[in-house]
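Notes to accompany the following structure.
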Amino acid sequence: MHYTIRQLEVFLAIAWHENVSQAADALSMSQSAASASLKELEQRFDIQLFDRIGKRLQLNDFGKSLRPRAEALLAQAAEFENLLAERGEIGHIQVGATLTIGNYLAVPIMAEYMNRYPGSRVDLTVENTRAITQRVLNFELDVGLVEGEQQDDNLDVIPWYQDELALFCAPDHPLAGRPTLDDDDLRTADWIIREAGSGTRQGFEHAMYGLMPRINVRLELQHTEAIKRAVEAGLGIGCLSRITLQEAFRRGSLLPLYAPHRDWVRQFYFIIHKQKYRTAGIRNWLALCQEDGAGNFSHYGPDQ
């Protein structure tokens, strides 16, 4: 074999950091050693993998075509090393989750996963759907758990769990206690909603189809708790996943509102790069999520 695992690690680190020095730091090696490793790989096969743009090294088209294959080779090598060390199914996986999933569903699943597979490790990144999707496309994450539908030919998008959005208000809001809301109520209300790029916002816009250009958006906030606090303060009504509101509904600090003529059901998804090698760790994670999702997370959630 005319290349080494280390050369692939250097290639991928430079592809990620777009800087040899930063890639070397990430791999705990000297800048000169990292440069030499990349140079040797390119010279051995008479290829160029990067274009220099100012102080950055950016993957060229050939480098981009090799990146997913290099990612898959390293993943398989790591899995083989685990088998040699007699650790069987144990592995390190990088999981990304959107805010609702990350804050209310993913952590209990992580705990169950690590209990089921002693010695395993799960790193969790929590951001909005747009950011998680980009990280999966960039091979920074092994798998993403997202709330919004994705349209990208490079992704496998796998339905996972059916969720429901809920409308809510403060107890002293003028709409509190109304049996149902009609479109005029939805159009004239002041709204506190999630930011563009979030799965919750995508679901809200889908449910509010035909009304969005005419509603009064008073605040757009990135965090679920901030939206709940703003609604409690009487600044408007909100729309979030029902699983994030269970305890507030039970306490009575927030009250549900109902507009049954509109569709508030949405889907959670797994997203994986189509060229991502699915290690035993990734397969086990997906299986556990499907297992818990099939039970509708009855043992999870903020009201437990």
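The values are calculated or read from the model by the stated rules, or taken from the named source; none is laboratory data. Note that this is a predicted model, so its numbers are computed, not measured. Please note: Cβ atoms are built from the backbone with ideal geometry, for glycine as well, and neighbour counts cover all protein chains shown.
Data for the structure
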| quantity | calculated |
| --- | --- |
| Test: residue in segment 186-206 that is hydrophobic (A, V, I, L, M, F, W, C), outside the structural domain of residue 97 (by TED's automatic domain parsing), crowded, with 17+ Cβ neighbours inside 10 Å and touching a residue at least 60 places away in the same chain (Cβ under 8 Å) | yes |
| Conditions (1) crowded, with 16+ Cβ neighbours inside 10 Å; (2) part of a loop (DSSP other than H, G, I, E, B): number failed by residue 230 | (2) |
| Tally, over segment 48-60, of residues that are modelled with pLDDT of 90 or more and over 12 Å from residue 15 (Cα atoms) | 1 |
| Filter result (in contact with a helix residue (DSSP H, G or I) (Cβ under 9 Å, 6 or more places away or on another chain) and surrounded by fewer than 17 Cβ atoms within 10 Å (Cβ to Cβ)) within segment 1-16 | 2, 3, 4, 5, 6, 16 |
| Count of residues meeting criterion [closer than 19 Å to residue 102 by Cβ, more than 12 Å from the chain's Cα centre (by Cα) and hydroxyl-bearing (Ser, Thr, Tyr)] in segment 113-128 | 2 |
| Some residue of segment 281-288 being farther than 24 Å from residue 202 by Cα, surrounded by fewer than 16 Cβ atoms within 10 Å (Cβ to Cβ), of a type in the set (Lys, Arg) and modelled with pLDDT under 95 | yes |
| The lone exception for residue 89 - which of (1) among the acidic types (Asp, Glu); (2) surrounded by 12 or more Cβ atoms within 10 Å (Cβ to Cβ); (3) at pLDDT 85 or above it fails | (3) |
| Hits in segment 17-57 (condition: polar (S, T, N, Q) and either surrounded by fewer than 19 Cβ atoms within 10 Å (Cβ to Cβ) or within 28 Å of the chain's Cα centre (by Cα) (or both)) | 19, 21, 22, 28, 30, 31, 32, 35, 43, 48 |
| Candidate set from segment 134-177 (those that are closer than 22 Å to residue 102 by Cβ, out of contact with any Phe, Trp or Tyr (no Cβ under 9 Å at 6 or more places or on another chain) and of a type outside the set (Val, Ile, Thr)); member that is surrounded by the most Cβ atoms within 10 Å (Cβ to Cβ) | 141 |
| Boolean, residue 243 is in contact with a Gly (Cβ under 7 Å, 6 or more places away or on another chain), modelled with pLDDT of 95 or more and farther than 18 Å from residue 262 by Cα | no |
| Among the candidates 145, 137, residue that is closer than 30 Å to residue 225 by Cα, out of contact with any His (no Cβ under 9 Å at 6 or more places or on another chain) and not assigned by TED's automatic domain parsing to the domain that holds residue 202 | 145 |
| Residues satisfying the stated conditions in segment 92-133, i.e. buried (at least 17 other Cβ atoms within 10 Å of the Cβ) and more than 20 Å from residue 200 (Cα to Cα) | 93, 94, 109, 110, 113, 117, 120, 122 |
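Let's see how each residue does on (1) free of Cβ contacts under 8 Å to residues at least 60 places away in the same chain; (2) more than 21 Å from residue 197 (Cα to Cα); (3) part of a helix (DSSP H, G or I):
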position	(1), (2), (3)
220	yes, no, no
234	no, yes, no
239	no, no, no
248	no, yes, yes
